[in-house]
1. Of the residues 63, 21, which single one is more than 20 Å from residue 217 (Cβ to Cβ), touching a Pro at 6+ places or on another chain (Cβ under 6 Å) and free of Cβ contacts under 8 Å to residues at least 40 places away in the same chain?
2. Can you tell which of 48, 69 is touching a strand residue (DSSP E or B) at 6+ places or on another chain (Cβ under 8 Å) and either crowded, with 24+ Cβ neighbours inside 10 Å or β-branched (Val, Ile, Thr) (or both)?
3. Could you grab me the full set of residues in region 106-139 that are closer than 12 Å to residue 150 by Cβ and of a type in the set (Val, Ile, Thr)?
4. Look through region 112-134, keep the residues that are free of Cβ contacts under 8 Å to residues at least 60 places away in the same chain and in a loop (DSSP other than H, G, I, E, B), and return whichever of them is surrounded by the most Cβ atoms within 10 Å (Cβ to Cβ).
5. Considering only region 54-76, I want to know if a residue exists there that is closer than 24 Å to residue 113 by Cα and modelled with pLDDT under 95.
6. Of everything in region 254-267, what is surrounded by fewer than 20 Cβ atoms within 10 Å (Cβ to Cβ) and touching a residue at least 60 places away in the same chain (Cβ under 8 Å)? Give them in sequence order.
7. Quick one: residue 45 ticks every box in (1) farther than 24 Å from residue 262 by Cβ; (2) touching a Gly at 6+ places or on another chain (Cβ under 8 Å) bar one, so which box is it?
8. From the list 272, 241, pick out the single residue that is part of a helix (DSSP H, G or I) and not β-branched (Val, Ile, Thr).
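The values are calculated or read from the model by the stated rules, or taken from the named source; none is laboratory data. Quick caveat, the model's predicted, so the values are computed rather than measured. Because the Cβ atoms are built from the backbone with ideal geometry, glycine has one as well, and the counts that use them run over all protein chains shown.
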Amino acid sequence: MQELQFIGSYVALVTPFKNGVVDEAALCRLVEWHVKNGTDGLVPMGTTGESSTVTAEEHKYVVEMVVKTVARRIPVIAGAGSNNPVEALSFAQHAESVGADGVLCVAGYYNRPSQEGLYQHFKMIHDNTNIPIIIYNIPPRAVVDITPDTMARLAGLPRVVGVKDATGDLTRISQERRLIKKPFCYLSGDDMTAVAYNALGGNGCISVTANVFPQLSTALQKACLSHDYQRALAYHDQLIPVHQALFEEPSPSGVKFAMSYLGLCDDEVRLPILGVSTHLQSVIRQCIDDKK
């Protein structure tokens with residue numbers, strides 16, 4: 001069987017800001033920290049990277065800096081999402097040109113396209129690049145859902161190699177696995193249900209919590225990949241309070257505050273996201289202190 005390219009614990013990397021601009025020093029520091037702590041791969045410029053509120057120039061700059069700093073030590077799946085397929089293609093082509101290992105492409109949010117429109121959106125990106133593509137299905141943010149039939153049709157394209165599933169529907173992977181006949185990367189997009197997703201055939205997770213606890217997140221995924229779900233559940237139980245705290249208020253404010261508490265980067269976010277409340281600051285500090 002063909003070896004899967006993307007498995008394990010991938011971090012949905014935050015974009016550190018300082019005084020309104022991308023903090024290059026902090027970004028490089030985060031990359032090195034993740035490599036050192038065993039993260040299997042990085043996903044810059046996704047939802048957690050505040051891709052919706054950076055400029056196109058910042059988007060490309062962050063992807064290029066991450067790829068350059070990683071220097072092929074671990075895979076980089078660059079976010080290349082936009083509701084404008086021309087812009088999405090530009091992001092994907094740029095990611096390919098700077099050496100990313102794959103791209104993460106989201107459905108056409110706001111436009112509310114049909115299933116055929118979704119297929120044609122992703123096919124246009126596929127046909128005009130030569131880079132592996134992960135399809136990002138996140139109906140709560142994109143409004144539209146990529147159905148299992150459409151996902152299977154997309155999987156028929158040679159370089160569509162996987163899905164990031166943030167549907168919140170644990171039956172979805174079973175439906176897709178029945179329809180997709182080639183080796184395919186099934187990556188959870190939800191930390192809280194990642195163990196259950198893997199038990200149903202998943203290969204990993206693109207994780208928010210891994211920004212804060214990369215070693216625990218990687219250990220959980222390794223346990224799943226070795227089918228040791230008792231051990232995976234033990235790690236999961238340790239992380240439940242963290243998952244809950246990081247999403248108690250709009251993301252990525254929680255995860256950025258946690259990282260600032262760890263001294264990794266500032267907690268600065270861009271509007272319309274706000275910094276976390278005083279109450280949540282206390283909760284997040286306690287979650288981190290409990291793991292020390």
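1. On inspection, the qualifying residue turns out to be 63.
2. Working: 69 fails: touching a strand residue (DSSP E or B) at 6+ places or on another chain (Cβ under 8 Å).
Exactly one of 48, 69 is touching a strand residue (DSSP E or B) at 6+ places or on another chain (Cβ under 8 Å) and either crowded, with 24+ Cβ neighbours inside 10 Å or β-branched (Val, Ile, Thr) (or both), namely 48.
3. 135
4. 131
5. No.
6. 264, 266, listed by residue number.
7. Unmet condition: (1).
8. Values: 272 fails: part of a helix (DSSP H, G or I).
Of 272, 241, the one residue that is part of a helix (DSSP H, G or I) and not β-branched (Val, Ile, Thr) is 241.
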